[in-house]
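Read the structure below first, then the notes.
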Amino acid sequence: MSVKKISLFVVVCFSIILFSNTCAIAKPKADKDELYNQIEVFSDAISAIQNDYVDSVAPKEIIYGALKGMLSSLDPYSQFMDPETFKELQVETEGEFGGLGIEITLRDNLLTIITPLDGTPADLAGLEAMDRIVKIDDTITRDITLTEAVKLMRGKPGTDVTLTIMRDNEDKLLDFTITRDIIEIKAVRKSQILEDNIGYIKLTDFSEKTKSDLDAALKQLEKEGMDSLIFDLRNNPGGLLISSVETASEFLPTGEMVVYTKGREKNQNSEFRATGKSNYKDIPLIIMVNSGSASASEIVAGAIQDHKRGIILGTTSFGKGSVQTVIPLRDGSALRLTTAKYYTPLGRTINEKGIVPDVTVEFEPVKEKKIEQVKKDKEVFDKIENDEKKAKSEKDIDKIDTNEAVEPKQAPKNKTKEQPDFIKDDNQLRAAINLMHGIKIYTNLKKSD
């Protein structure tokens, strides 16, 4: 699990620190006095621990523990990072890291999976968005911090970790033993033309490479005849704010609002508008979301929805709509502090609410057949195939014996190309394709008026 992915927005920090110091001067005297009084209480507690606790504890451990508790009490996304954890965050900005491939958060004080990343060990093992992790190996996750959870799930590639999961609609806990691996995120997971020149792109990440990867995919689909697009953001946990703005800019006219942030101080308020050429601002568009779509995914979906630029299909997104600022401290540690919330162009807050789709389609997982049924099906189909071969052989012999002319076979009329498995097994995607057919028919009718 990447710490980078939990911290979705990294803002320039040193100016924030400078600003915070400036603000302290302007605070009312009463507030200052109250703060100093509480600091004295904090100092008394530290003295009591140093003097009376059963074991000797280093001052650094006491302060670090206090900071962890203080930050975790604010919200699920604020946290204290010791020097080692902060260093890991800086290394992981390169986009490759070891782990399981899940995005986690704390929701209702429970360690909750935002989404398993497509193609990662967590995804292949069967973990799902909104699963609650109650145990990591032998460690119960009650009162655990995100940092502690991440450390427990990390390890050398090839080693195993067992997660005990509580899942809705399951009457018992589920154990998943997963082998750790190097997690390398590819922004564009799938890109191809479906039926009727409908383009399909599945985006799994918003990183520094997303814009170039998405541009290349769109251009290739355009060369192949794309005249409409299904943009799949399901189980996309987000990423960089600027990447979400660049992505939305592909489909919105230049200058249109994509998202804005609002915090307690003026310098935390920012507007982000569509930039670039917006080459696809007129193409019929459907965006797919689900409970694993978070943050940057919700920014894109919210902007498209507010501008009535396309249709949002699927289920309500996760609801991660806050901005975290990483503030380095003098000893190499750092704070990740929630400093603002972001809003859609029409002023909707996404935090804890998510994006509600225009067309709600619940996902229906494919039920696997029992082995006995599979064997039975195979026997039936083998028998049918053998009977057809036998009948064909006898018919050909009859025609040869009677010297009858053999008519060349004609291809059956109106035969549709069989859908690939990833479409047949995905009722939400099939719904999006059907909806796009309707949009294209309606658009053509309007053009002919």
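Values quoted throughout were computed directly from the atomic coordinates according to the rules given, and no laboratory measurement underlies them. Because the structure is predicted, anything quoted here is derived from the model rather than measured. Ideal geometry is used to build each Cβ from the backbone, glycine not excepted, and the neighbour counts take in all protein chains shown.
Data for the structure
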quantity: Cα convex hull of the stretch 300-352, projected area averaged across orientations, nm²; calculated: 4.7 nm²
quantity: Among the listed pairs K151/K341; K135/K172; K156/K320; K87/K266, those beyond 22 Å (Cα-Cα); calculated: K151/K341; K156/K320; K87/K266
quantity: Order by protection proxy (mean Cβ within 10 Å, highest first), peptides 33-44, 246-257, 125-136; calculated: 246-257, 125-136, 33-44
quantity: Computed log₁₀ I(q)/I(0) - Debye formula, equal Cα scatterers, no solvent, the stretch 115-224, q 0.20, 0.22 Å⁻¹; calculated: -1.05, -1.17
quantity: Quarter of Cα convex hull surface for the stretch 202-270, i.e. mean projection, nm²; calculated: 5.8 nm²
